[in-house]
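Working notes, beginning with the structure itself.
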């Protein structure tokens with residue numbers, strides 16, 4: 001009888017496992033190419049303008065996600081709202097005016113201002129040209145000059161050389177540290193207490209063109225991390241282009257090439273005053289923003305006090321001043337779409353009486369592109385106790401094929417960080433893939449010596465820092481990354497759906513297993 005009983009029990013267990021497998025497969029198959037395309041087409045549309053932080057498109061995306069959560073029947077966990085507004089500060093350096101002889105120069109195009117002063121007006125009736133800005137026993141541009149409270153102009157590259165290319169300082173073709181030591185000239189001139197430094201940089205035009213709006217965008221902080229205004233602000237340094245320098249020299253009836261040539265030929269300083277009307281008004285600007293994280297809550301059953309977080313950032317680079325839209329179809333409309341698809345699938349499972357044992361918190365984070373600020377804000381202001389948060393699943397870029405796999409197997413996914421804190425999380429993802437999706441799982445970015453250090457560069461990391469086992473799903477970098485060419489039409493939707501299903505199967509297992517994930521590691 002005992003043997004027969006054991007056989008019956010084994011048979012029952014096999015049937016029960018098969019039924020459980022059938023249930024999760026049924027809801028995984030709710031994720032389709034058609035539904036995935038619908039979300040991603042909207043999120044990466046012209047109307048949503050790249051979902052920039054502090055921009056109209058970002059708010060449209062937030063509203064869209066919240067409306068989808070509401071359709072799925074997810075609870076609004078932030079005091080009855082789906083929105084958790086971030087307390088953000090956008091710090092930028094605003095140049096209201098920069099004119100020389102009434103001719104305006106544009107910050108980010110003609111000039112690039114570096115400073116930390118609050119708004120201040122700078123005026124002068126002359127600009128003092130100090131050659132290369134060198135003060136060396138063998139050659140000096142500033143001997144006998146009083147630069148206190150003056151607007152000074154210097155060549156912030158190289159040093160004087162003779163017609164054979166030998167330095168007038170070293171006597172050799174090998175330059176001195178006035179050329180090779182970064183910012184040495186600026187640091188030494190700052191000790192002379194000028195009012196402001198104009199530094200000629202021959203590469204500035206190209207650098208500013210390549211950087212676009214990023215050059216003058218500034219930085220973003222959470223309000224709690226906002227530093228106090230500088231009590232002793234630095235003397236401003238204004239990098240200027242060759243053409244801006246030539247305009248100044250033309251006021252003295254010379255030009256950049258002529259003054260450089262004269263110094264180089266003679267090995268003698270050629271410092272002089274240029275009479276002009278200089279006026280500049282600029283300073284730091286701190287603008288508060290409140291872009292929200294969007295949260296949707298699906299309550300579990302017998303383990304409902306334990307939370308599984310499934311998330312991805314919805315923001316991208318938005319629309320720049322030239323009207324270029326950085327659509328961010330892969331980065332990260334793909335991850336946002338996956339969060340919506342999983343939310344719908346789990347919601348349908350619950351509606352049919354097959355809901356997860358643990359509760360699931362679906363989050364789309366704001367301001368990831370500005371420094372992982374949305375996830376940082378949530379982990380410092382959690383709606384549910386972090387002590388009860390058993391795992392963080394992060395989905396960031398799962399729609400493309402990276403350069404590494406382009407000529408090889410496309411059926412892959414990078415799973416980053418799964419074993420950093422929990423060997424069980426790694427094993428669950430591995431097992432669910434082998435049973436269901438059969439993707440190649442690439443662990444290359446888990447190498448602590450990997451130069452990209454991607455484990456530290458997406459939203460899961462703020463959870464991992466709090467000791468919460470985390471996994472980051474990622475399909476890799478490609479030439480369209482952070483360019484306007486990251487568009488909807490370049491997404492591999494059948495492959496993306498397969499990746500979404502792996503995330504679903506892994507999340508289903510974590511949400512329904514008997515024990516919470518063990519924490520048995522602390523890998524770099």
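Please treat every number below as a calculation from the coordinates, not as lab data. Because the structure is predicted, anything quoted here is derived from the model rather than measured. Cβ: placed from backbone, ideal geometry, glycine included. Neighbour counts: every protein chain shown.
General observations
- Ranking of 265, 253, 51 by count of other Cβ atoms within 10 Å, fewest first: 253, 265, 51
- Ranked by the mean number of other Cβ atoms within 10 Å of their residues, highest first, the peptides 229-236, 298-305 fall in the order 298-305, 229-236.
- Extension gain (nm, one decimal) between residue 449 and residue 26, 0.36 nm per residue minus Cα-Cα: 148.2 nm
- For segment 426-493: rounded, prolate or oblate by the Cα gyration tensor [a/c cutoff 1.5]: oblate
- 0 to 90° range, to nearest 10: angle between helix 33-43 axis and the chain longest Cα axis: 30 degrees
- Each peptide in 386-392, 353-359, 162-168 receives the mean, over its residues, of other Cβ atoms within 10 Å, and ordering these scores from highest gives 386-392, 353-359, 162-168.
- Here the peptides 426-433, 207-214, 439-446 are ranked by packing, the mean other Cβ count within 10 Å, and the order with the highest first is 426-433, 439-446, 207-214.
- Shape call, segment 303-383: gyration tensor on alpha carbons, a/c limit 1.5: oblate
- Helix 56-71 and the long axis of the chain differ in direction by around 10°, with both axes built from C-alpha atoms.
- Tail beyond 17 Å, pair distance distribution of segment 54-184 (Cα, percent): 76 percent
- Cβ-Cβ FRET estimate between residue 182 and residue 56, R0 fixed at 30 Å, reported to 0.05: 0.15
- Summed over all non-identical Cα pairs, the Kirkwood treatment of segment 297-438 gives a radius of 17.0 Å.
- Spherically averaged projected area in nm², based on the convex hull that wraps the Cα atoms of segment 92-286: 11.6 nm²
- Using alpha-carbon coordinates, inclination of helix 493-512 to the longest axis of the chain, degrees: 60 degrees
- In plain terms, the residue of 161, 364, 32 with the fewest other Cβ atoms within 10 Å comes first and the most crowded comes last, giving 32, 161, 364.
- With the convex hull constructed from alpha-carbon coordinates only, the chain shows a mean projected area of 30.5 nm² over all directions.
- Theoretical FRET efficiency, 1/(1+(r/R0)^6), r = Cβ-Cβ of residue 78 and residue 388, R0 25 Å, to 0.05: 0.90
- Short-range pairs are left out: with C-alpha atoms under 8 Å and at least six residues apart, the relative contact order of the chain is 20 percent.
- Packing-based exposure ordering (other Cβ within 10 Å, fewest first) of 309, 401: 401, 309
- DSSP beta bridges confined to the chain are antiparallel in about 60 percent of cases.
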